[in-house]
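Novice: I am attaching a structure below and will ask some questions about it afterwards.
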Amino acid sequence: MTNAPLMPKATAVWLVENTSLTFDQIAEFCKLHPLEVKGIADGEVAAGIKGHDPITSNQLSREEIAKAEKNPEHQLKIAQSKVRLPEVKPRRGARYTPLSRRQDRPNAILWLIRNHPELKDAQVMRLAGTTKTTLEAIRSRTHWNSAQLQPMDPVTLGLCSQIELDFEVNRAAKDRPQSAEPAERGPTLVPAEITTGPREPQRDEEVSVFADSHPSSRRNEDEDDIDVASVFSKLKTLRRDD
């Protein structure tokens, strides 16, 4: 199965207007529906689209068109392009930074150091397109312009893309060893099972402290201090007087 030509509808318009090919042949070559090609011929589809000559763009040859016009069963085959595009090779080495952005590179390095300390030196150098000497100077604050540096996002500066930054951050997070000891946490709420569950019996020390602080316990102590015999003797004297 061959690929569709460039601008398939415009190519179909040109073939309808300049050849005697059938609708099925044009539809098969342009990867369109035969009814759509019929609509182009009737002027109902692709109105206002200028036809594109596939011969001038080296997508079809005149011999191929003539052969298909003589044989309605023949299917058009797109011509092989004579222009060979070079393969895109992965970029290696230092990243090229435009001259207008090079003055912002130290600010981007400072931003990466402060916001993503887990990044390795090689990753920071790859994202900002810098050298290890410049990176160490900014980190140790021995850079000649350290007092004027301001952290700025390298993505907004155009030094790297957000996808590249996220990729390096995720890689650094995976490579970073996780500490065995859990981090210290602040006070948290007591679970509902404890607050709503049955209360545990108080210890003896808590009971004694509570008893000492309760008013009823003090009243009982006061009552123990009263001399019962003196009270009854006073009552007897009162009865004799009566």
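Novice: Which of the residues that make up region 101-154 are of a type in the set (Gly, Ala, Ser) and within 23 Å of residue 166 (Cβ to Cβ)? Walk me through how you get there before you give the answer.
Specialist: At the first step, the residues of region 101-154 found to be of a type in the set (Gly, Ala, Ser) are 108, 122, 128-129, 137, 140, 146-147.
Correct list: 108, 122, 128, 129.
Novice: What do you reckon, is residue 31 closer than 21 Å to residue 71 by Cα, free of Cβ contacts under 8 Å to residues at least 40 places away in the same chain and over 45 Å from the mean Cα position of the chain (by Cα)? Write out each step before concluding.
Specialist: Values: closer than 21 Å to residue 71 by Cα: yes; free of Cβ contacts under 8 Å to residues at least 40 places away in the same chain: yes; over 45 Å from the mean Cα position of the chain (by Cα): no.
For residue 31, the condition - closer than 21 Å to residue 71 by Cα, free of Cβ contacts under 8 Å to residues at least 40 places away in the same chain and over 45 Å from the mean Cα position of the chain (by Cα) - is not met.
Novice: Please go through region 52-80 and pick out each residue that is part of a loop (DSSP other than H, G, I, E, B), among the small types (Gly, Ala, Ser) and more than 44 Å from the chain's Cα centre (by Cα).
Specialist: Pass one, region 52-80, residues part of a loop (DSSP other than H, G, I, E, B): 52-61, 71-80.
Then keep just the ones that are among the small types (Gly, Ala, Ser); that gives 57, 61, 79.
Once the filter is applied, which keeps residues that are part of a loop (DSSP other than H, G, I, E, B), among the small types (Gly, Ala, Ser) and more than 44 Å from the chain's Cα centre (by Cα), region 52-80 yields only 61.
Novice: Residues to consider are 49, 40, 26; find the one that is under 18 Å from residue 75 (Cβ atoms) and aliphatic (A, V, I, L, M).
Specialist: Details: 49 fails: under 18 Å from residue 75 (Cβ atoms); 40 fails: under 18 Å from residue 75 (Cβ atoms).
Exactly one residue qualifies, and that residue is 26.
Novice: Filter the helices (runs of 4 or more DSSP H) completely within region 118-159 down to those with at least 3 residues that are more than 14 Å from residue 103 (Cα to Cα).
Specialist: The helices (runs of 4 or more DSSP H) meeting that bar are 121-128, 132-139.
Novice: Looking at region 52-84, which of the residues that are among the small types (Gly, Ala, Ser) and either under 13 Å from residue 21 (Cα atoms) or modelled with pLDDT of 90 or more (or both) is surrounded by the fewest Cβ atoms within 10 Å (Cβ to Cβ)? Give the derivation first.
Specialist: If we filter region 52-84 for residues that are among the small types (Gly, Ala, Ser), which is where we start, we get 57, 61, 66, 68, 79, 81.
Retained after the next criterion (residues that are either under 13 Å from residue 21 (Cα atoms) or modelled with pLDDT of 90 or more (or both)): 66, 68.
On the way: 66: 10, 68: 24.
Among those residues, the one meeting the criterion is 66.
The values are calculated or read from the model by the stated rules, or taken from the named source; none is laboratory data. Because the structure is predicted, anything quoted here is derived from the model rather than measured. Positions of Cβ are generated from backbone atoms using ideal geometry, with glycine treated the same way; all protein chains shown enter the neighbour counts.
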